[in-house]
Amino acid sequence: LLGTIGVFTEIVCVSNAVRDSFASYPERYKRHLRVIHNGIEWTGAKIDRTAAKAAHQLIEDEFCVLGVGRLCRQKNFGLAIEAVAKTPGTRLVIAGDGPDRIALERQAKASGAADRVVFLGNQPADRMADLFAACDAFVLTSLFEGQSNALLEAMHAGQAILASDIEMQRETLQMKDAEFAGFLLPLDKYVSEADKAD
């Protein structure tokens, strides 16, 4: 209502996809929409990969996949746990905390992958670059996003990226030549068992 009657001069969206989600809003509201993409402060890792692995107690020759975000339904970490359970020799490292942590820990145990899923909890921002350096790939299985800062960090870190194929992530990952700076995972085919039950 406030946006429609013109109380706000600008309404900022973090991506074109977020702006497009307002398509059904009145024209007077949409006139105020502006896209300003997220920016991040990135200084890079302070230590090399070997030291970063040791600092996070990760095995040197084990393939480690990093997931970053709040442990909630939106982030769909259950799908990443299912995938790691089916992929021997792979460890999933999750940085973040939230209301689904206990359920996700139970899922990891039930799937037989509890020893290969590491829950680090929330991490200080100044340690994230070193954590990216410790891992070999990045996964973002979100059901929806605005524009993920963690995805931007993974790109800056030069990570191999596997992200859910949702419009906001396509926009972030798409290169000028129409190729993508990562692999896109179609969620209509790959949804966690927990979400299929919903």
- So, in region 1-24, of the ones that are of a type in the set (Ser, Thr, Tyr) and loosely packed, with under 14 Cβ neighbours inside 10 Å, which residue ends up modelled with the lowest pLDDT? 9
- Item | Exclusive hit being under 19 Å from residue 74 (Cβ atoms) and more than 14 Å from the chain's Cα centre (by Cα), set 145, 153, 105 | 105
- Residues satisfying the stated conditions in region 16-33, i.e. assigned to a loop (DSSP other than H, G, I, E, B) and within 16 Å of residue 168 (Cβ to Cβ): 21, 22, 23
- Message: Contact list please: Cβ distance under 9 Å, first residue in region 45-74 and closer than 29 Å to residue 103 by Cα, second residue acidic (Asp, Glu) and open to solvent by 90 Å² or more (accessible area, probe 1.4 Å), pairs at least six apart or on different chains.
- Response: 73/198
- Item | Which listed residue, of 30, 53, 75, 109, is under 21 Å from residue 152 (Cα atoms) and either modelled with pLDDT under 95 or not acidic (Asp, Glu) (or both) | 75
- Note on the structure: Subset of region 35-50, residues of a type in the set (Val, Ile, Thr) and within 17 Å of residue 157 (Cα to Cα), comes to 40, 43, 47, 50
- Note on the structure: Residue pairs qualifying under the 7 Å Cβ cut-off, at least six apart or on distinct chains, with the first in region 24-39 being under 10 Å from residue 13 (Cα atoms) and the second being open to solvent by less than 90 Å² (accessible area, probe 1.4 Å) and among the hydroxyl-bearing types (Ser, Thr, Tyr), are 35/15; 37/15
- Task: Among the residues of region 85-105, count how many are touching a strand residue (DSSP E or B) at 6+ places or on another chain (Cβ under 9 Å), within 24 Å of residue 166 (Cβ to Cβ) and open to solvent by 10 Å² or more (accessible area, probe 1.4 Å).
- Result: 6
- Message: Quick check on region 34-70: of everything there that is among the small types (Gly, Ala, Ser) and in a loop (DSSP other than H, G, I, E, B), which residue is surrounded by the most Cβ atoms within 10 Å (Cβ to Cβ)?
- Response: 69
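The values are calculated or read from the model by the stated rules, or taken from the named source; none is laboratory data. Here the structure is a predicted model, which is why all the values come from computation and not from measurement. Cβ: placed from backbone, ideal geometry, glycine included. Neighbour counts: every protein chain shown. All accessible areas refer to the heavy atoms of the entire protein, side chains included, with ligands and DNA or RNA removed. Shrake-Rupley method; radii C 1.70, N 1.55, O 1.52, S 1.80 Å.
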